[in-house]
Each structure stands twice: as structure tokens, then as C-alpha cells.
1. Please state which of the following conditions B:Leu125 fails to meet, knowing it meets all the rest: (1) part of a helix (DSSP H, G or I); (2) facing chain A (nearest Cβ under 8 Å).
2. Can you tell me how many residues within the range B:155-197 are within 12 Å of chain A (Cβ to nearest Cβ) and of a type in the set (Ser, Thr, Tyr)?
3. Quick check on B:Pro345: is it open to solvent by 80 Å² or more (accessible area, probe 1.4 Å), free of Cβ contacts under 8 Å to residues at least 60 places away in the same chain, in a loop (DSSP other than H, G, I, E, B) and not acidic (Asp, Glu)?
4. Could you look through the range B:64-83, keep only residues that are at pLDDT below 80 and open to solvent by less than 40 Å² (accessible area, probe 1.4 Å), and pick out the one that is nearest to B:Glu47 (Cα to Cα)?
5. Looking at B:Ala39, B:Ala73 in this structure, which one is on the phi < 0 side of the Ramachandran plot and under 20 Å from the mean Cα position of the chain (by Cα)?
6. At least 3 residues that are among the hydrophobic types (A, V, I, L, M, F, W, C) and touching a residue at least 40 places away in the same chain (Cβ under 8 Å) in each: list the helices (runs of 4 or more DSSP H) lying fully within the range B:189-252 that qualify.
7. Quick check on my filter: what residues within the range A:53-72 are surrounded by fewer than 22 Cβ atoms within 10 Å (Cβ to Cβ), over 13 Å from the mean Cα position of the chain (by Cα) and at the interface with chain B (Cβ under 9 Å from one of its Cβ atoms)?
8. Among the residues of the range B:128-147, what is the count of those that are more than 8 Å from chain A (Cβ to nearest Cβ) and free of Cβ contacts under 8 Å to residues at least 24 places away in the same chain?
Amino acid sequence: MMQILMFYPSAVIAVITTLMVIFSKNPVYAVLYLIMSLFAVSMVFWSLGSPFLAMVEIIIYAGAIMVLFLFVVMMLNLGQRRVDEDLRPPSGKALILPGIFATILLVQTIACLMAGHPQGGTQLLNDPVALGHAMYEKHYLGVKLAAIILLIGSIGGMHLGRAASFPDTKEKDLL
Amino acid sequence: MKDFWHVINTLPQEQWPPLYSAIQSLILGGVIVGALLSAAGYLVLLERKVLAWMQHRVGPNRCGPFGLLQPLADVLKLLTKEDSLPPFVDKWLFIAAPAIIMLTAILSLAVVPFGQPQWLVVKDLNVGILFFLALSSLGVYSIVLAGWSSNSKYAALGGLRATAQMISYELSMSMSLLAAVMLAGSLSLNKIVEAQSSLWFVILQPLGFVIFVISVIAESRRAPFDLPEAENEIVAGFHTEYSSMKFALFFLGEYVAVVLLSFVISTIYLGGYHGLFDIPYIPAAIEGPIWLLAKVGFFIFFFIWIRATYPRFRYDHLMELGWKYMIPLSVLNLIATAVLIILFPTLGGHK
């Protein structure tokens, strides 16, 4: 009962706010709607019995990544011409690929709903200890690959940001 | 009623019926919020008094005996001032920003255990530490949105400074917490306190403790990390355009955050409700909160002491301290803890 009370409102909020991300005219509002949508998705995780995933979703996406998005969007000053451009309806060609993807996802969702139970083992993710065991005993290769990709990314970022990339500045000025 | 008392005293929290759980959460939550909000007003007085004594002044002493009625006078003054909404601001976000800071600070207290019995924690989540980290990372939005929605240069600068500062210090904060989590073998704050029944984590984690304390002072944007509101550079930073009660919410939010962070430090590193010795003639259910509140009181004083002692950081020094010292040190602390747990398996909480 409690699960249903939590799941359906969060799911509806997630869908509405995600739509608002696309339709809001102000980019800062779009980012805020995206944060609300991530929040709603995290509540969906919680209601499905995985508080760990719910918290991680908020810490990583809402708490860290979206702050950076907001940081950049705040600094942008788009100007009227760019806003007008964004508000024009998209051309037909641009809709083909997203249309295909959306159709596949829709079919999958309907198939899952018809099957009557969520796919995948939500029981396994019930508590953080079980999730840890699953990640570091069964899927450690994936964890390591992700770690290597992150390491490469951060080294690349430091390389691009180093003083030699900007010949006229000293390292001290960049800090 | 008798059954309710029996259930919440004997069974673990997960096995309570939902109704009992709701009643306990509402009562304890209400008591905590009420106590917190009235304490926050008196913290302002305490801070002004302690700062004054440290600077050889008298401090507020006109309202009531020893200035004890000063918070009431302050609240009346703030309430009767004009609550102006400048025409250039983004109305809804401008109003929402001060509410967010209060909400995130108050909600985090739901996972802090106040004593041994199960009913002295509002909700013993098995992801308690993550809950605290999630809410503290959301606190950034309050400052950023206040800065952006004010549509003013000084507020925007303050908002940007706050974002960069809070993101930087969040990393070392969570990394030093991870080492404590490894020692306890659980993310639940209750389990972490239980793991400290014989030895407090401040002894096993001296470096982690120092990193955590510095990081939370930076997270709470208090002196010497108060660059987002540095008054001699950017007027009042992110809350330049705020007045009356909305300003007061920011002001009180800072003190509520100080209380919350003191609770978290005492819980994770100083044994929470565990005391140094048994107080005679006092039941265990009351002894726990007394010890915890004593530790919290010390840390609140410590926060004020730091503010009176250190001058404000320069911005590049702040970033250098965060990225070049705190984060590498916290990673080192994490690795050292992991190695020690493997060498001496009795240290780790993982069975």
C-alpha cells in the first residue's frame, strides 16, 4: 500500500517534469525541472525497495552533476536570437532517430507492464551490503572498466587545463 | 498504549507496525524541530556573546538579564521590517531559496540516533550516511538559486563562489566519512555509534576527523570559509537582495546547519550517545541524549571559537587547500584504513 502511494505519484511527477525540461523556455528552469525529475526517479527507486540506489541517484546526479550544469547555464547569456532559434519547431529529419528509440522504449515498457512484474532482481538490491557484494564479486570487471574510463577522463581534463595549453598565461594565473 | 510502549522498546525499527512507526516519527520529529528552531535563535545570542568575550567586549546585555531576551527582540525586529520583493528578481526561485536551506538542514537530523533505545532515532535508515550526504549536497541549490534569482551582480558572484567551494569540499568530506564507514561496516548511523561502544573513531581516525571537521566548516560557509558572503568584497554575497524574514531564514539556516554538523561530527567520530562514564541515578534512555548534547555543545562552541580565531581565506588558497591537500589526504586516509583493516581484521566492521 505504502509502495503504491509512493510509486505512482513519483512516477507521474517524473514524467511531467521531464516533459517540462524539454518545453520550458528558460534554460535555468529546464535544469531545475531535470533536478526534480531525478528526484522523482530516486523516489521510484526507493518505492521499489532500493534506498541505496535512491540516495546515490540524488548524491551523484542531483547533488554533483546538475550543480555543474546549473553553474554553466547560469554563466550563459544566450541572447534573443538563440532563444528564438530554440523555440522553432524541430525539422522532420531531426525527429527520425529519437522517434525510433522512443518507440522501442515504449514497446518495451508496455511489454513489461503486460508481463505483470518488473524485470530484473530488485530483491538483490534491497540493501547496500547485497549491492556491494553483487558489484565487487560478480561485476568487478565492469567496475574496473568504469574506474579506468574515469581516470582517463580526469587525466585528459588535467592535460587540457594545464598551463602550456594557454601560452600567454603562467600556471599561477590559472589557479 | 502499553502495547505501543512495549513494541517500540523491544522490537527493531523495521518490525514496527506502520502506525506505531508514524506516531514515533511524528512525536520525536516534532520535538527535534521545535527544539532546534528555538535553539537556533539562542545560538545567535551565544555566538555574539562568545565573540564579544573573545574580543574583550561585553556583547548584547540590554534586553533582559544578561541579554537573554535579545533573540526575541531580533525576531520582532525582523518580522516587522518590510519584506521587499525587488522587481527584477525571479519571484518563485527567490522565495524558494531560503526555504530549501532550512529544509535540507532540518531533514538530515532524522537519521541521527539520540540514544540507545530504538525510539530515540526518528528513522534508522540503512543508508543513513548517504541520506546526510544527499541532503548536504542539495543545500548548494539554495545558495546558487538565491544568487541567480536575485539578478544582481554581487549575489551572482556569491552564488558562484559558494558553488565552487561546496563542490570542492564535498569530496573530501564524503571520502573521510567512507573510512569511518569501513570501520563500522555499515552506512547506518546507529550501527556506526554501536561500533564505537569501546573505542571512539576519533582515536582510530585522527586524520579523517581533522579532514571532516575542516570540510564541514567549509560546507557550512562559516568563517574562515565565508567567502560567498565576504562583506568587504561583495556586499553580502548571495543574500544581498534579501530582507526581513527571508533574510532571517538564511541566517537561521546557517545556525541550524551548525547544530546539525555538530551532531554528525559527534555521532560519527566521538561515539554519539556513548559516554565516558555512567552517570549515577539516571536511566540509560536519558543518559545517551545528555552525553550527545554535551558533545554537540562543545562543537558549537568550537565553531564559534574558530570564527573568532582565524581570518578569512584568500580564494586561491581556499581552492588549493581543498584540491591539493584535503582530497589527496582523504584518499590516503581511506587507503591506509583499508590496509589496516586487512592486516588487523578485528578493526573492520565487516563480518
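The values are calculated or read from the model by the stated rules, or taken from the named source; none is laboratory data. Only a predicted model underlies this, so the values are computations on that prediction, with no experimental measurement involved. Because the Cβ atoms are built from the backbone with ideal geometry, glycine has one as well, and the counts that use them run over all protein chains shown. When the accessible area is computed, the model is the full protein with side chains, heavy atoms only, and any ligands, DNA or RNA have been set aside. Shrake-Rupley method; radii C 1.70, N 1.55, O 1.52, S 1.80 Å.
1. Among (1) part of a helix (DSSP H, G or I); (2) facing chain A (nearest Cβ under 8 Å), the lone unmet condition for B:Leu125 is (1).
2. Total satisfying the criteria: 5.
3. Working: open to solvent by 80 Å² or more (accessible area, probe 1.4 Å): yes; free of Cβ contacts under 8 Å to residues at least 60 places away in the same chain: yes; in a loop (DSSP other than H, G, I, E, B): yes; not acidic (Asp, Glu): yes.
The answer is yes for B:Pro345.
4. Across the range B:64-83, the extreme among qualifying residues is B:Gly67.
5. Working: B:Ala73 fails: under 20 Å from the mean Cα position of the chain (by Cα).
Every option except B:Ala39 fails the conditions.
6. Numbers: elements: B:189-195, B:201-204, B:206-219, B:231-234.
Those helices (runs of 4 or more DSSP H) span B:189-195, B:201-204, B:206-219.
7. Once the filter is applied, which keeps residues that are surrounded by fewer than 22 Cβ atoms within 10 Å (Cβ to Cβ), over 13 Å from the mean Cα position of the chain (by Cα) and at the interface with chain B (Cβ under 9 Å from one of its Cβ atoms), the range A:53-72 yields only A:Phe71.
8. 0
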